[in-house]
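These notes are about the structure you will find just below.
The values are calculated or read from the model by the stated rules, or taken from the named source; none is laboratory data. These numbers come from a predicted model, not from an experiment. Note that each Cβ is placed from the backbone with ideal geometry, even for glycine, and that neighbours are counted across all protein chains shown. Side chains included, ligands, DNA and RNA excluded: accessible areas come from the protein's heavy atoms. Shrake-Rupley method; radii C 1.70, N 1.55, O 1.52, S 1.80 Å.
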Amino acid sequence: MSGEDDSSGWQLTESDPGVFTELLKTLGVPLVVDDLYSLDAEALAELQPLHALIFLFKWVGGESSEPSSGGQYDPEFPGFFAHQVVNNACATLAVMNAIGNIHGLKMGPQLAELLSFTAGMDPQTSGMAITSSDWLREAHNALSPPSAISLEGLDLPKTTEDAYHFIVYIPYAGSVYELDGLKQAPVKHGAFSESGEGWVAKAREVIQARIATYPPGSQVTSEQVEFSLLAVHDDPVPHLQEQLAQLQAAGRQSEAAELVVKLSNENSKRERWAFENSLRKHNYLGFIHALLLNMAKAGRLEAAKEGAKKALQERIERKKKGELMDED
């Protein structure tokens, strides 16, 4: 869950595929993450092999402790499962709960050592071990915007912000499981058929049932996303490169040209992720100070301040009328 105090040094993380992919890269895991805008078979087929689905939703206090979407708690779950013991760590915890259950997955030495250390631990202790890991917290925080301004000591009134939470759906031992660090145990949603779409068909049913519990039209409002879905899958670039080399060697240029386009799209996406991540890491305080100083020297600061006040007041009025949702 994100959005409250008691973060123990863990900062808020965006629900962005570039952020999750960079985290996996830091962990030495050769997987990537992509946004999912549809759960139809065609959209999911393009991401195969698909290892996990990360679901982000608005967390509401006082929610029932009962399993969601008709599942059942499985306290004897033999895989890896860790509880969330501090706020703001739920994104990395969801990643850990996913990759900790992928058999034979390649990973970096620090991650392998951490998972080995937590083997046999109960979920609460595993969660404490994970969130006490300095290197993992640093990897998590690396893509959070730096904060150079503190409001502590100003006696400002406390406000309640929307809190969002990450959970993960995975296939394990022939069944689809929901791993939620705030739940007492993994939730088993039943067996899936190995034929056809495999586990994603069952996962689709479960996720759609959960989405159906939201009010109509709440998925995307004018300025707020109520939930989002991310797919964790194999990096397609190595396979595309291998296919391209084979097609070119066989003289099948038309088919090779199609793969060149796909590779170009993948590389462009990674370039965009790298650029956006660099912006997330940058501290803009110096730029903001210089901008305000020059606006003041040019006599434009006061007008800009009054314009901002007016825009804020209009925003407040729209919110009162129900035309605008709170932002996280």
Leading residue by the ranking (least open to solvent (accessible area, probe 1.4 Å)) among those in region 8-26 that are among the small types (Gly, Ala, Ser) and on the phi < 0 side of the Ramachandran plot: Gly18
Looking at region 78-121 only, could you name the residues that are in contact with a strand residue (DSSP E or B) (Cβ under 7 Å, 6 or more places away or on another chain) and surrounded by fewer than 21 Cβ atoms within 10 Å (Cβ to Cβ)? Gly79, Asn87, Ile102
Show me the helices (runs of 4 or more DSSP H) found entirely inside region 215-314 where at least 3 residues are at pLDDT below 90 and open to solvent by less than 50 Å² (accessible area, probe 1.4 Å). 253-281
Gly70 vs. criteria assigned to a loop (DSSP other than H, G, I, E, B), modelled with pLDDT of 90 or more and in contact with a strand residue (DSSP E or B) (Cβ under 8 Å, 6 or more places away or on another chain): no
How do the pairs read when you match residues in region 44-69 that are more than 19 Å from Asn101 (Cβ to Cβ) with residues anywhere that are open to solvent by 30 Å² or more (accessible area, probe 1.4 Å) and at pLDDT below 70, using Cβ under 7 Å and keeping only pairs 6 or more apart or on different chains? Lys58/Asp162
Give region 160-203 a look and list any residue that's crowded, with 20+ Cβ neighbours inside 10 Å, part of a strand (DSSP E or B) and aliphatic (A, V, I, L, M), or say none. Ile167, Val168, Ile170, Val176, Leu179, Val187
Residue identified as without any contact (Cβ under 8 Å) to a residue 40 or more places away in the chain and under 22 Å from Leu143 (Cα atoms) among Ser264, Ser254, Ser268: Ser268
